[in-house]
Amino acid sequence: MSENLENIITKGFHSWTRNLNICIPLLINYVVQFTVMFFAAIAAMLLFFGQNLSGMASMTEDELIDLMSVSIMENLTGAIIIAFLVILILLLFDAYFFAGAVGMSQNATANGDTSITDMFNAGSSNFINIFLANVLIMLMMIAGIIFVVPGAILTRNYMEVVESTPFTSGILLLLMGIVIWVIYLLVLNVVLAIVLYSIVIERTGAMDGIIRGYEFFMENKLSVFVLWLVIFLLSTVVAVIFFFTGEVIALIGSDGLNMIWSLGSQVLILVTIQPLIVIWWTRLYMVRTGKNIHIDELLTDDWEQSG
């Protein structure tokens, strides 16, 4: 017995209401990421302005700009090392807690309930493969820059002759390349949407997960695209509502309230929208690959449809 997409969305929502603790790994990840960025900023400040921090308050704007330029050039190697380490640490933590969230969603979908133990088990077992898969996907995304290169080269070569036809052609080619790159990124995002979930659920490697994710998409194109579209529209609506709410708060003129809303809105998304999205993708993969699914006795048989 299989579920159609409507049931996957509906029952996924029901699983989320029964397992609100799935937001815990996402919240922990947010706190960890914020903490790492905070200490990285302090390290960068000490690296660039360590001996001049005390005197920066009395410097003019021009003096600060000159100091920053000199400091950055003198400590460029250190800055690159710090940036690389920060990105590496952020990706590793993100991989661990994302794997934990998927593991909790998998157990909630299969058994009806989940616990923090599932987060630790899934996170420790899969975070390296999730990390490697993320790196490979990022490289595939960056590879799309090839669509921009011809226009960028042509534009650079004719920058001095603004009115020339080659320059105009270069600008048009550059814009077309950017548009094609954006389309490429969107297509890649849809095609590989299920990759990270397959890695955790199947306990497989990064490359195998990418292959499985692609094969899953090819077998379930419409379902993957529709669910991706539902998630995109839901996220957009929530983002627009939060944005205009923030603008209203800004008009009131309360900096403290605006800061609280900015932090609170992010936490609210992590507690509600994000775990629900994880459950939806997890359930879609498990249903369409024949995994065991928990049957809730509170849901009537009318919900069960072949598809």
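Using θ = phi - 60° and the Karplus relation 6.51 cos²θ - 1.76 cosθ + 1.60, list the HN-Hα couplings for the range 30-41 in order, rounded to whole Hz, with x at every Gly or Pro.
4, 5, 5, 4, 4, 5, 4, 5, 4, 6, 5, 5
Which order do peptides 73-83, 189-199 fall in by mean Cβ count within 10 Å, highest first?
189-199, 73-83
Where the accessible area of the range 215-297 is counted over protein heavy atoms with a 1.4 Å probe, how much of it, in %, is carbon and sulfur?
Details: 3410 of 4760 Å².
C and S atoms contribute 72 percent here.
Please work out how much length the chain gains when fully extended from residue 135 to residue 202, using 0.36 nm per residue of separation minus the C-alpha to C-alpha distance, in nm with one decimal. List each step's numbers first, then the result.
Working: separation 67, 0.36 × 67 = 24.12 nm, distance 1.94 nm.
That works out to 22.2 nm of additional length.
Taking 0.36 nm per residue of separation and subtracting the Cα-Cα distance, what length does fully extending residue 229 through residue 178 add? Don't skip to the answer; put the middle values down first.
On the way: separation 51, 0.36 × 51 = 18.36 nm, distance 2.21 nm.
Gain on extension, residue 229 to residue 178, equals 16.2 nm.
Report ³J(HN,Hα) in whole Hz for each residue of the range 7-14, in order, from the Karplus equation J = 6.51 cos²θ - 1.76 cosθ + 1.60 where θ = phi - 60°; Gly and Pro get x.
Coupling constants for the range 7-14: 5, 4, 5, 5, 6, x, 4, 5 Hz.
Pull up all non-local amide H partners of residue 294: gap of 5 or more, or a different chain, and H-to-H distance under 5 Å with H placed in the peptide plane.
110, 111, 112
The values are calculated or read from the model by the stated rules, or taken from the named source; none is laboratory data. Just so it is clear, the model here is predicted, and its values are computed rather than measured. Because the Cβ atoms are built from the backbone with ideal geometry, glycine has one as well, and the counts that use them run over all protein chains shown. Remember, those area values only see protein heavy atoms, side chains included, never the ligands or the DNA or RNA. Shrake-Rupley method; radii C 1.70, N 1.55, O 1.52, S 1.80 Å.
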